Each structure stands twice: as structure tokens, then as C-alpha cells.
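Colleague: Right, I'll just put the structure down here and ask away after.
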Amino acid sequence: MSDYVELKSALDKGEVFILDGAVGTQLQSMGVLLNNTAWAAVALKDYPSTTQRMHELYIKAGADIITTNTFPSARFNLEPLGLGEMTTELNLRAVMLAQAARARASKGRRVWIAGSVSAMGIMIGREQGEMRYKYNHPRAVVTAEYAQYCLNEQAQILAEAGVDFFLTEAINENPHRQWVTAACLRTGLPTWVGFGVRLAEGKVMLGMNQKQSFEDALTESLTNGIAGVSIFHSSVDAIDPALETLRRKWQGPVAVYPEAERTDYALPSRDKSQKNSIDETEFVRRARSWVKEGVQVIGGCCGIELSYIQRLASELPRAVA
């Protein structure tokens with residue numbers, strides 16, 4: 001078992017923790033060229049020192065939990081880039097970079113490493129129920145069996161490399177989320193199930209224009225053995241109604257890490273003319289209200305970067321009321 005036992009004990013006592021902010025867009029801000037096929041995974045090959053520095057900066061900003069740069073690093077993500085044979089190496093490297101950052105920057109403060117696993121890029125075929133990759137892939141069809149094989153492989157690599165627990169970050173169809181969750185749980189490590197959500201006509205729906213409601217997705221996804229639930233890559237305005245829905249289904253620990261609602265995430269570099277949907281002051285105000293609602297882990301996703309985490313660390317209550 002990882003050092004998660006200590007984190008669980010603190011959560012059980014009502015303590016509040018700071019999660020890091022965006023990984024991909026923070027790397028983008030530091031000069032990394034993102035790739036639409038595998039997002040920031042290319043940084044593990046081409047920008048390892050920058051990746052480690054990114055983790056160090058979040059720790060110095062006050063993050064108690066840092067996330068490995070593995071959101072898009074399953075074999076099916078890397079194959080279109082000709083990096084399939086580096087799947088083990090790059091996932092190992094991601095954990096070792098996070099560990100090295102923790103050793104350099106934590107100064108004895110307890111910092112946990114969360115392994116990120118997602119199903120970015122694959123879609124369910126609407127006619128035959130088959131898996132297709134969103135981008136140019138050497139396989140004509142990524143079967144459901146192959147997708148699950150890749151997710152199991154990645155989760156096992158991250159577990160053996162030493163992550164403390166998993167944050168599942170599947171933002172598309174619910175079957176993907178279930179595959180990611182099963183792969184992470186199979187390692188024996190604590191697993192938090194993540195949901196991206198959006199508001200549509202007053203209803204909380206799954207994100208990325210999915211047609212399933214958040215409530216129905218929760219019913220399908222909250223299986224035995226889950227350690228926590230997170231709401232991530234969602235607009236700030238969607239968080240409160242999503243929390244209301246979540247509390248009808250789940251009484252355990254909750255994490256929240258919304259995004260900044262920019263439209264330049266898929267671009268190789270930042271569109272400097274765009275602004276985040278929320279500034280640091282309003283973000284902290286919202287975060288304080290989430291703590292009052294019982295949220296115990298708060299950070300950021302795309303566009304919510306270092307300056308936001310610095311403010312959270314200095315101004316957020318460190319225990320729920």
C-alpha cells in the first residue's frame with residue numbers, strides 16, 4: 001500500500017488539501033509545444049526537465065498533491081506519434097520526474113503523487129459500437145479490448161513506479177470512465193473517479209457534449225472500492241449544481257478542479273489574446289464556498305495554473321467546517 005493511508009486519515013479528520021493546477025497548459029506556458037494527438041505527453045520525451053520544473057513550482061506554490069503528466073500517455077495515445085514502444089519508458093519517466101520534484105522542492109513537507117489515467121482520444125463508433133481513435137492512428141480500429149489492454153498496462157506501470165493513488169480523468173463517454181476506473185482499481189491502489197460536467201438547459205450533464213446526465217453517470221460509475229470522486233475539467237459555474245447532485249449519490253471525499261474555459265487548449269502554443277473565464281480572486285472565493293460544502297481537495301485544470309494555486313494555498317481554509 002502506498003502512503004495514501006496518511007492522506008486518508010487526514011481526510012477522515014476533515015482536513016483540506018491543495019491539488020496542483022493544470023499540467024498541460026502550465027507546460028504550454030513554460031514553452032512546451034503541445035500535441036493534439038497526445039496532449040502534453042510529448043513533454044515526457046522532449047521536455048523532461050521542464051516537466052520536473054513544473055512539478056517543483058506547484059509544490060513551492062503550496063500544492064499538497066501533484067499529478068503525473070500521464071493524462072494522455074496510454075499506448076493508444078503514443079502509437080500515432082511513433083512512440084508506442086516507449087510506453088513503459090515515458091510512463092515511468094513521468095512518475096520519476098514527479099518523485100524527483102518532490103524530493104527537491106517539498107523541504108520535508110508531505111506531498112502525494114497522483115497518477116493520471118484517461119481515455120483521451122478514443123470514441124465509440126455510433127453504428128457498430130466499435131472503438132475508433134479520434135486522430136490518425138496506425139490501427140484502423142482501436143477495439144474495446146485493445147483500449148482496455150492499454151489502460152491496464154498504463155495503470156500497472158504507474159502503480160509499480162510508485163504513485164500514491166490514482167485520479168481517473170476520463171472526460172468522454174461513461175464506458176471509457178468505467179474502463180479507466182477498473183484498470184486503476186485492478187492495481188490495488190486507491191482510486192478517485194473523475195467526471196467532467198457541463199450545464200445544459202439547467203441540467204448537469206457529462207462534459208464534452210455527452211448526452212448522459214451526471215446523475216445517471218454517477219449511478220453507473222460509483223462501484224465498490226472507490227476512494228473518492230472528483231469533478232474536473234468543468235466550468236466553475238457547473239461546480240455547485242454538480243456538487244448538489246453528487247451529494248445525493250456519494251458521501252465520501254470529494255475533489256474539485258475546474259478549468260478556465262479557454263478555446264486554445266488544442267493549439268500548440270497559447271493564444272495570448274484570450275483571457276480566463278475567472279480570475280484568481282473570484283476563484284478563491286468560489287473555492288472557499290466549496291470547502292463550506294465539504295470539498296476537501298481543490299486545484300485546477302486547463303488554464304488554472306500556478307498563480308491560482310499560490311492564492312489557494314495562502315487563503316483556503318485547511319479544514320471543513
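Colleague: Evaluate the following for residue 155: is it in contact with a strand residue (DSSP E or B) (Cβ under 9 Å, 6 or more places away or on another chain), at pLDDT below 95, in a helix (DSSP H, G or I) and closer than 21 Å to residue 195 by Cβ?
Modeller: Judged against the criteria, residue 155 is not a match.
Colleague: Continuing with this model, one more query. Determine which member of the set 245, 181 is among the hydroxyl-bearing types (Ser, Thr, Tyr), under 20 Å from residue 295 (Cα atoms) and not in a loop (DSSP other than H, G, I, E, B).
Modeller: Being among the hydroxyl-bearing types (Ser, Thr, Tyr), under 20 Å from residue 295 (Cα atoms) and not in a loop (DSSP other than H, G, I, E, B) holds for just one of 245, 181, which is 245.
Colleague: Could you list, in sequence order, all residues of segment 263-320 that are outside any helix (DSSP H, G or I), touching a strand residue (DSSP E or B) at 6+ places or on another chain (Cβ under 6 Å) and under 19 Å from residue 234 (Cβ atoms)?
Modeller: 295, 297, 298, 299, 300, 301
Colleague: I'm trying to understand the selection: among the residues of segment 198-229, which are free of Cβ contacts under 8 Å to residues at least 40 places away in the same chain, surrounded by 15 or more Cβ atoms within 10 Å (Cβ to Cβ) and in a loop (DSSP other than H, G, I, E, B)?
Modeller: 207, 210, 222
Colleague: Is there a residue in segment 12-29 that is assigned to a strand (DSSP E or B) and either under 16 Å from residue 115 (Cβ atoms) or among the small types (Gly, Ala, Ser) (or both)?
Modeller: yes
Colleague: Go through the residues of segment 248-258 one by one and say whether even a single one is closer than 22 Å to residue 11 by Cβ, touching a Ser or Thr at 6+ places or on another chain (Cβ under 6 Å) and part of a loop (DSSP other than H, G, I, E, B).
Modeller: yes
Colleague: So, one more: Is it true that some residue in segment 164-175 is at pLDDT 95 or above, of a type outside the set (Lys, Arg), assigned to a helix (DSSP H, G or I) and within 23 Å of residue 102 (Cα to Cα)?
Modeller: No; the residues of segment 164-175 include none that is at pLDDT 95 or above, of a type outside the set (Lys, Arg), assigned to a helix (DSSP H, G or I) and within 23 Å of residue 102 (Cα to Cα).
Colleague: Another question, if that's okay. With the checklist (1) surrounded by fewer than 20 Cβ atoms within 10 Å (Cβ to Cβ); (2) touching a residue at least 12 places away in the same chain (Cβ under 8 Å) in hand, flag the one item residue 107 doesn't pass.
Modeller: Status for residue 107: all satisfied but (2).
Colleague: For segment 39-83, what are the residues that are over 19 Å from residue 305 (Cα atoms), without any contact (Cβ under 8 Å) to a residue 24 or more places away in the chain and assigned to a helix (DSSP H, G or I)?
Modeller: 46, the sole residue that qualifies.
Residues checked against (1) under 28 Å from residue 150 (Cα atoms); (2) over 18 Å from the mean Cα position of the chain (by Cα):
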| residue | (1), (2) |
| --- | --- |
| 188 | yes, yes |
| 200 | no, yes |
| 205 | yes, yes |
| 235 | no, no |
| 243 | no, no |
| 253 | no, no |
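Colleague: Take residue 194 and decide whether it is surrounded by fewer than 20 Cβ atoms within 10 Å (Cβ to Cβ) and small (Gly, Ala, Ser).
Modeller: no
Colleague: A further question follows. Can you find even one residue in segment 161-181 that is free of Cβ contacts under 8 Å to residues at least 40 places away in the same chain, closer than 23 Å to residue 148 by Cα and more than 16 Å from the chain's Cα centre (by Cα)?
Modeller: no
Colleague: Tell me which residues, restricted to segment 9-41, are surrounded by fewer than 15 Cβ atoms within 10 Å (Cβ to Cβ) and charged (D, E, K, R).
Modeller: The answer is 12, 13.
The values are calculated or read from the model by the stated rules, or taken from the named source; none is laboratory data. Note that the structure is a prediction, hence the values are computed from the model and not measured. All Cβ positions, even for glycine, are placed from backbone atoms using ideal geometry, and neighbour counts span all protein chains on display.
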